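As structure tokens, the structure follows; a few thoughts come after it.
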Amino acid sequence: MAFSFLRSKQKDVAGQVDFNHLPRHIAIILDGNGRWAKKRGLPRTAGHSAGSENFRTIATYCRDIGIDYLTVYAFSTENWKRPKDEVETIMGLLKKYLLEAIDTMERDNVRLRFMGDLSALPEELRALTDQCNAISERLDGCLCSICINYGGRAEIVHAAQNFAKDCLVGTVKPEDLTEDGFENYLYSAGIPSPDLLIRPGGEQRLSNFLLWQCAYSEFYYTDVLWPDFSKEELLRAISAYQHRDRRFGGVKK
Ligand code: IPE
Ligand code: IPE
Ligand code: MG
């Protein structure tokens, strides 16, 4: 693969990546914004702003190198516990991001999808996510799922409720439910499970992200904080992934 889009710093790391066997789906927990800001004597909200810019960079880069699916954790069902001004800033950044995305996603050919309970979002934001969904239907590029007001447990409960409703109207029977069938009730319906899950920011936990979908994902943790998580870091994570031996419970051939 030609490295024309890579700066020289990236070429060293890129040399360690097999671009013909990339993970099809990468999931990232966007963590460490607050500490990034604190290190610079800035308010936490400045970290969210930097993190949001970095998301744009990494999402476009994933498209450039040919990642089919990118799923990011942007705001959890637990993040409402944060101070009001921090939550408001995050929602403000989301609005800014959505408005820019509406203008650029067609040119960039990046599809956007939103996962989580969006009913808790301000009406104005929901209208913008609807617009992004409508534009995405016309595109075929990298599918970027943004998890907002997302919780893995809430997603499973929501799926179970919808399945139960279908049972009540008689379209399905409880005994016919399979794992594949259940996946159709999740927010991630139609998207393959993540191959690689990356958590920057130094914590080694899931924090309620993709509990169902990560059953066999490869985990990659780094102390690098999300706003500093560069293209080189992404390539490093992919290279580490390519050295893993995925057995899915079987034995090596
Ligand atoms: C992640 O960064 C962004 C959100 C959870 C919304 P944090 O805000 O959690 O940053 P740290 O973990 O406090 O550094
Ligand atoms: C996970 O990060 C949620 C997002 C990045 C959106 P948190 O910062 O909320 O997770 P904890 O509190 O460290 O587990
Ligand atoms: Mg955090």
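The values are calculated or read from the model by the stated rules, or taken from the named source; none is laboratory data. These numbers come from a predicted model, not from an experiment. Virtual Cβ from ideal backbone geometry, glycine too; neighbours counted across all protein chains shown. We work out accessible area using only protein heavy atoms, side chains counted, and drop any ligands, DNA or RNA first. Shrake-Rupley method; radii C 1.70, N 1.55, O 1.52, S 1.80 Å.
Here is how the numbers come out for the structure above:
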item: Whole-number accessible area per residue in Å² for the stretch 1-125, which is evaluated in the context of all protein chains at 1.4 Å; result: 51
item: Label-point separation in nm, K252 to K84, each point 7 Å along Cα→Cβ; result: 5.8
item: Heavy-atom accessible surface of the stretch 146-253: percent carbon and sulfur, 1.4 Å; result: 51
item: Under 28 Å from K38, Cα to Cα: lysines that are on another chain or at least 8 residues apart; result: K9, K81, K84, K95, K96, K231
item: A164/E203 FRET efficiency (R0 45 Å; Cβ-Cβ; nearest 0.05); result: 0.85
item: Gaussian network model of the chain, Cα within-10 Å springs - most flexible of R138, R44, R199; result: R138
item: Residue order for H48, H243, H21 - accessible surface, 1.4 angstrom probe, largest first; result: H243, H21, H48
item: Accessible-area composition of the stretch 1-111, carbon plus sulfur, in percent [1.4 Å probe]; result: 50
item: Cα shape, the stretch 1-94, gyration tensor, a/c 1.5 rule; result: prolate
item: Residues of type lysines that K165 reaches as a straight line, Cα spacing below 20 Å, ignoring anything fewer than 8 places off in the same chain; result: K173
item: Cα gyration tensor, the stretch 101-253 - rounded (a/c under 1.5), prolate or oblate; result: oblate
item: Test item: Cα-centred dipole of the chain, Lys/Arg +1 and Asp/Glu -1 on Cβ, debye; result: 840
item: Shape category assigned to the stretch 209-249 from the gyration tensor of Cα positions, a/c cut at 1.5; result: oblate
item: The chain, relative contact order in percent, only Cα pairs under 8 angstrom and at least six apart counted; result: 28
